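One structure is given below, encoded as structure tokens.
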Protein chains: 2
Amino acid sequence: MSNPNPSSAPTLRDVAEAAGVHTATASRALNPKTRQQISAETARRVMRAAQALGYQPNSVARSLKTSRSSTVGLVIPDLTNPLFPPIVRGVESVLESDGYNVWIVNTDNDEERERAKIESLRSRRVEGLIVATARLDHPLLRQLHEQGVTMVLINRQVRDLPIPAVTGDDATGIAAAVRHLAGLGHTRIAHLSGPLGTSTGLVRSQAFRHAVRDHGLADDLVVECARWSEDDGAAALRALLSRTTDFTAVVAGNDLIALGCYDVFAERGLSCPGDISVIGFNDMPFLDKLRPPLTTVAVPRHELGAEAARMLLDCIDEPGRPARSLLLPATLVVRGSTAAPPRRA
Amino acid sequence: MSNPNPSSAPTLRDVAEAAGVHTATASRALNPKTRQQISAETARRVMRAAQALGYQPNSVARSLKTSRSSTVGLVIPDLTNPLFPPIVRGVESVLESDGYNVWIVNTDNDEERERAKIESLRSRRVEGLIVATARLDHPLLRQLHEQGVTMVLINRQVRDLPIPAVTGDDATGIAAAVRHLAGLGHTRIAHLSGPLGTSTGLVRSQAFRHAVRDHGLADDLVVECARWSEDDGAAALRALLSRTTDFTAVVAGNDLIALGCYDVFAERGLSCPGDISVIGFNDMPFLDKLRPPLTTVAVPRHELGAEAARMLLDCIDEPGRPARSLLLPATLVVRGSTAAPPRRA
DNA sequence: TTGTAGGCGTTATCAT
DNA sequence: ATGATAACGCCTACAA
């Protein structure tokens with residue numbers, strides 16, 4: 001009684017021997033797509049043997065042979081930004097039901113890390129990439145696109161690069177925010193933009209200028225944040241305040257930047273919305289419990305992820321597919337951080 | 001001029017041909033550990049060729065041959081719980097610098113999903129697992145342990161299973177919370193525990209009972225939440241309130257459960273901390289900006305991840321290593337959600 | 001120092 | 001319907 005493969009995990013060969021068939025037959029029996037090629041009786045015997053041995057197929061060997069992996073990579077710039085976890089779940093909900101695994105990687109907004117992680121994903125033969133780290137100028141993504149890598153952008157885009165993308169409707173969202181403030185009577189509205197090297201930063205910033213001009217207001221109260229973070233939001237507001245205090249409302253590039261404003265308000269004894277109103281962007285979780293509850297522009301985060309996943313599946317199924325962009329609606333959520341401006345001193 | 005491998009990604013064989021050596025030599029030249037076996041001149045030629053062709057090693061083939069992958073799996077129950085992203089970063093910070101890739105999977109607290117994802121990780125030959133989904137009774141983890149799978153638990157443990165674990169010091173944290181409330185004059189303190197099927201839920205609950213008894217207080221104001229969520233926290237508080245209103249403080253099983261209390265306060269017009277004080281657990285981000293800012297027990301989330309990663313590396317390097325548990329200190333962070341109890345009516 | 005050869009576990013293409 | 005065979009790309013004794 002010889003066991004050619006003691007102790008170690010059973011292979012297809014072990015299953016085949018136990019079932020008294022050739023490995024090729026065992027392979028066909030275990031794969032639903034080829035199962036009908038063999039007799040029901042044999043198939044049953046093989047499956048029983050596999051069950052009995054606790055056989056688990058070796059995905060690595062399969063990937064080597066087929067150069068496919070049933071895996072896609074999801075590239076996130078900063079997992080601690082509450083915007084992203086719901087997007088991740090949206091992506092997973094679609095991809096999992098289609099039999100794909102999702103490999104999440106976190107780049108921490110670091111180019112080198114991004115390169116290394118994407119390279120690692122590719123060397124593992126992921127079948128596609130969903131990328132949330134795009135910058136307007138992004139040599140790496142450009143290069144991947146030229147190499148024909150299947151990918152979909154989410155939330156942000158790359159300038160002049162025809163890659164499919166799913167994003168929120170930034171312009172409409174910002175316009176709604178400005179309209180809300182103008183309607184409350186604000187006439188001096190500032191914008192703390194996100195990094196202008198990202199499409200979201202630039203688009204929201206441009207939309208802001210257009211919107212305030214449409215209301216006949218000045219469009220020069222704009223400061224750029226170096227990153228999408230609370231600290232950078234606070235720094236930007238401090239910089240603005242050192243230049244002028246002649247504004248009564250702030251449209252923040254996103255919710256984290258808005259939270260940075262809260263820090264500065266606390267620091268300087270300013271009241272929100274009494275002295276200054278603030279609007280965020282994204283409607284990340286827990287904003288309704290802040291002091292004050294943050295008025296913000298909601299984007300459908302789960303849907304964003306789900307749609308990007310569907311789009312990626314389409315791209316995988318139909319490689320030559322022309323890129324298309326999907327814009328998901330953004331809606332203003334009014335809470336307690338916005339009110340009429342204080343009466344002019 | 002024959003190109004046996006047009007258009008497709010270059011393989012080691014292509015590099016070898018370009019450099020005029022055998023694949024074995026090319027392999028040795030490209031691997032730092034074997035590079036010294038060959039002449040500097042040859043090594044240089046191979047590396048130049050690899051560079052010129054844009055050669056990227058195929059990790060799948062390498063894994064199949066070596067049955068190693070330089071990859072570890074990180075199993076998270078709920079990525080949208082802000083406790084976890086900082087832990088993820090802690091894990092990555094250690095593992096990346098050691099040349100490992102981290103494959104993050106999200107189980108959504110679903111057993112079936114957990115099984116499928118862990119199976120997928122294993123079939124890809126991950127070299128170890130860091131698991132944050134442990135329940136006290138966890139057949140899957142028990143089975144993996146019996147199969148000798150290298151893993152480390154984080155945040156939670158499995159009952160009577162000698163797997164290395166890194167957790168926060170729940171008992172001390174809860175004791176500090178109760179001491180703080182007792183010191184403020186509270187004598188009727190409730191506990192909304194997390195699921196008692198998790199070690200964190202059970203340990204914190206037991207610690208709560210011990211602590212209140214140590215202060216000579218009643219230990220029967222305890223309700224269990226079905227899950228670690230805001231909704232379940234709210235439901236538990238409603239259930240408690242329907243039983244009795246004779247308490248002035250709540251120790252919540254974690255921050256999300258505490259946020260659920262905030263919902264109920266708003267619903268019923270209760271003032272916090274005026275009518276009821278609340279303490280959370282974990283010190284997830286943004287709690288300082290809540291209304292009121294949440295007093296909570298802070299655990300070193302990044303450190304938790306980093307230590308678990310170090311422990312996993314140790315386990316990988318030294319397979320027979322006896323399991324050890326690491327308990328990281330938890331500290332009370334006093335904010336605005338706790339105050340002296342209202343004067344008795 | 002370099003080349004040879006075999007095999008990791010699977011699937012695809014033959015042939016039977 | 002099933003078996004034989006080769007190959008995916010890489011690594012590593014072993015031989016030279």
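Using a label position 7 Å from Cα in the Cα→Cβ direction, what is the ascending list of nm distances from A:R115 to the same site in the other copies?
Taking the point 7 Å beyond Cα along Cα→Cβ, the inter-copy spacings are 4.4 nm.
Would you mind calculating the relative contact order of segment A:12-57 from Cα pairs under 8 angstrom and at least 6 residues apart, reporting the percent as a whole number? Don't skip to the end; give the middle numbers.
On the way: 43 pairs, mean separation 18.3, N = 46.
Once divided by the residue count of segment A:12-57, the mean separation gives 40 percent.
Taking a label point 7 Å from Cα toward Cβ, how far is B:S67 from its twins in the other copies, in nm, shortest first?
Here B:S67 shows inter-copy label distances of 2.7 nm.
Mean separation of Cα pairs under 8 Å and 6+ residues apart, divided by the residue count of chain B: what relative contact order is that in percent?
17 percent
So how tilted is helix A:199-214 from the main axis of chain A? Cα-based, degrees 0 to 90, rounded to 10.
Roughly 30 degrees, rounded to the nearest 10.
Helix B:230-243 against the longest principal axis of chain B: what's the angle in degrees, Cα atoms only, rounded to the nearest 10?
20 degrees
Extending each Cα 7 Å along its Cβ direction at B:A266 and B:A340, get the distance between those two points in nm, one decimal.
It is 3.0 nm.
Taking the Cα centre of segment A:12-57 as origin and charging only Cβ (+1 Lys, Arg; -1 Asp, Glu), how large is the dipole, in debye to the nearest 20? Intermediate values should be presented prior to the final figure.
Numbers: 7 positive and 3 negative charges, 35 e Å.
So the magnitude is around 160 debye.
Let me know the shape class of segment A:64-140, please: from the alpha-carbon gyration tensor, a ≥ b ≥ c as square roots of the eigenvalues, rounded when a/c is under 1.5, otherwise prolate if a/b is greater than b/c, or oblate. Mind showing how you got there, number by number?
Values: a/c = 2.32, a/b = 1.20, b/c = 1.93.
Judged from the Cα gyration tensor, segment A:64-140 comes out oblate (a/c at least 1.5, b/c at or above a/b).
Given C-alpha coordinates of chain A, what is the ratio Rg to Rh with the Kirkwood estimate of Rh?
Details: Rg = 26.3 Å, Rh = 22.8 Å.
Over the Cα atoms of chain A, Rg/Rh equals 1.15.
Answer with one residue from B:A176, B:N282, B:A252: the one whose Cα lies farthest towards the positive end of the charge dipole of segment B:170-299, charges on Cβ with Lys, Arg +1 and Asp, Glu -1.
Value computed over the given set: B:A176.
Is the C-alpha gyration tensor of segment B:170-299 telling us rounded, prolate or oblate? Criteria: a/c under 1.5 is rounded; beyond that, a/b larger than b/c is prolate, otherwise oblate. Provide the component values of the computation, followed by the final result.
Values: a/c = 1.21, a/b = 1.11, b/c = 1.08.
Rounded, because the longest to shortest axis ratio a/c is under 1.5.
Return the whole-Å distance between the Cα centroid of segment B:42-84 and the Cα centroid of segment A:49-106.
That distance is 16 Å.
May I ask you to list the trypsin sites (Lys or Arg not before Pro) in segment A:273-331 that are in a DSSP loop and have at most 14 other Cβ atoms within 10 Å of their Cβ?
Details: sites: A:K289, A:R301, A:R310, A:R324; in loops: A:R324.
Loop-located and lightly packed - A:R324.
Mind checking the dipole of the protein assembly as shown: about its Cα centre, +1 per Lys or Arg Cβ, -1 per Asp or Glu Cβ, Debye to the nearest 20?
Details: 78 positive and 76 negative charges, 243 e Å.
Taking the Cα centre of the protein assembly as shown as origin, the dipole is about 1160 debye.
Work from the charge dipole of the protein assembly as shown (Cβ charges, +1 for Lys and Arg, -1 for Asp and Glu, about the Cα centre) and give the residue of A:G73, A:T187, B:A235 farthest towards its positive end.
A:G73
With springs only between Cα atoms under 10 Å, which of A:A234, A:A26, A:A132 fluctuates most in a Gaussian network model of chain A?
With Cα springs under 10 Å in chain A, the top fluctuation among A:A234, A:A26, A:A132 is at A:A26.
On average, how many beta carbons from a partner chain sit within 10 Å of the beta carbon of a residue in A:283-289?
Values: counts 0, 2, 7, 12, 2, 5, 12.
Averaged over the peptide's residues, the number is 6.
Out of all DSSP beta bridges in the protein assembly as shown, what portion is antiparallel? Express it as a percent rounded to 5.
Details: 8 of 74 bridges.
The answer is about 10 percent antiparallel.
Per DSSP H run of at least 4 residues, take -39500 (n - 2.57); add these up for chain A, divide by its residues and hand me the 222 nm value, nearest 500 deg cm²/dmol. Intermediate results must be reported in sequence, preceding the final value.
Working: 12 runs with 149 residues, N = 345.
Counting only the DSSP helices, I get -13500 deg cm²/dmol.
So how far apart, in nm, are the two label points at A:D275 and A:Q143 if each is 7 Å from Cα heading toward Cβ?
4.9 nm
For a quick check: with amide H placed at 1.01 Å from N, whose amide H comes under 5 Å from A:L326's, ignoring anything fewer than 5 positions away on the same chain?
Amide H to amide H, under 5 Å and 5 or more residues apart or across chains, A:L326 pairs with A:A165, A:V166, A:T167.
Which of B:R135, B:R268 comes first, and how do the rest follow, when ranked by fewest Cβ neighbours within 10 Å?
Working: B:R135 21, B:R268 12.
The most exposed by this proxy come first: B:R268, B:R135.
Under a GNM of chain B (C-alpha, springs under 10 Å), which listed residue has the highest mean-square fluctuation: B:R179, B:R48, B:R188?
In the Gaussian network model the winner is B:R48.
Quick check: residue separation of A:R68 and A:L241 times 0.36 nm, minus the Cα distance between them. What number comes out in nm? Please list the in-between numbers first.
Numbers: separation 173, 0.36 × 173 = 62.28 nm, distance 5.50 nm.
Stretched fully, the A:R68-A:L241 segment lengthens by 56.8 nm.
Once you've got the GNM for chain A with C-alpha springs shorter than 10 Å, pick whichever of A:T295, A:T245, A:T187 has the biggest mean-square fluctuation.
A:T245
What is the magnitude of the charge dipole of segment A:170-299 about its Cα centre, with +1 placed on the Cβ of each Lys and Arg, -1 on the Cβ of each Asp and Glu, and no other charges, expressed in debye to the nearest 20?
On the way: 11 positive and 15 negative charges, 39 e Å.
That gives a dipole near 180 debye.
Please find the FRET efficiency linking A:S97 to A:H210, where r is the Cβ-Cβ separation and R0 is fixed at 45 Å, and quote it to the nearest 0.05. Mind showing how you got there, number by number?
Details: r = 40 Å, r/R0 = 0.90.
Once rounded, the FRET efficiency stands at 0.65.
Based on the alpha-carbon gyration tensor of the protein assembly as shown and its eigenvalue square roots a ≥ b ≥ c, which shape applies: rounded if a/c is under 1.5, prolate if not and a/b is larger than b/c, or oblate?
Working: a/c = 2.16, a/b = 1.32, b/c = 1.63.
The shape class here is oblate.
Using the alpha-carbon atoms, what tilt in degrees (0 to 90, nearest 10) does helix A:40-53 show relative to the longest principal axis of chain A?
70 degrees
Give the nm distances, rounded to one decimal, from B:R188 to the matching residue in every other copy, measuring between label points 7 Å along Cα toward the beta carbon; shortest first.
Those separations, rounded to one decimal, come out as 5.3 nm.
Gain in length, B:A40 to B:D219, computed as 0.36 nm per residue apart minus the alpha-carbon separation, to one decimal in nm? Please report the intermediate quantities before stating the final value.
Details: separation 179, 0.36 × 179 = 64.44 nm, distance 7.38 nm.
Full extension from B:A40 to B:D219 adds 57.1 nm.
Kindly list the residues of segment A:115-150 that lie in the label zone of A:L328, defined by a backbone N under 18 Å from the point 7 Å along the Cα-to-C-beta vector.
A:129-134
Peptide B:55-67: average number of partner chain Cβ atoms within 10 Å per residue? Show your work: numbers first, answer last.
Values: counts 0, 4, 1, 7, 9, 13, 6, 3, 8, 8, 2, 0, 4.
Per residue, the average neighbour count from other chains is 5.
Using the Karplus curve 6.51 cos²θ - 1.76 cosθ + 1.60 with θ = phi - 60°, what ³J(HN,Hα) values do you get for each residue of segment B:58-64, in whole Hz, with x for Gly and Pro?
Residue by residue, segment B:58-64 yields 8, 4, 5, 4, 4, 5, 4 Hz.
Can you put A:V299, A:V131, B:V334, B:V21 in order, fewest other beta carbons within 10 Å first?
Values: A:V299 25, A:V131 29, B:V334 14, B:V21 20.
Lowest count first: B:V334, B:V21, A:V299, A:V131.
Bear in mind these aren't lab numbers, they're just calculated from the coordinates by the rules spelled out. Note that the structure is a prediction, hence the values are computed from the model and not measured. Here the Cβ is made from the backbone with ideal geometry for all residues, glycine too, and neighbour counts use every protein chain on show.
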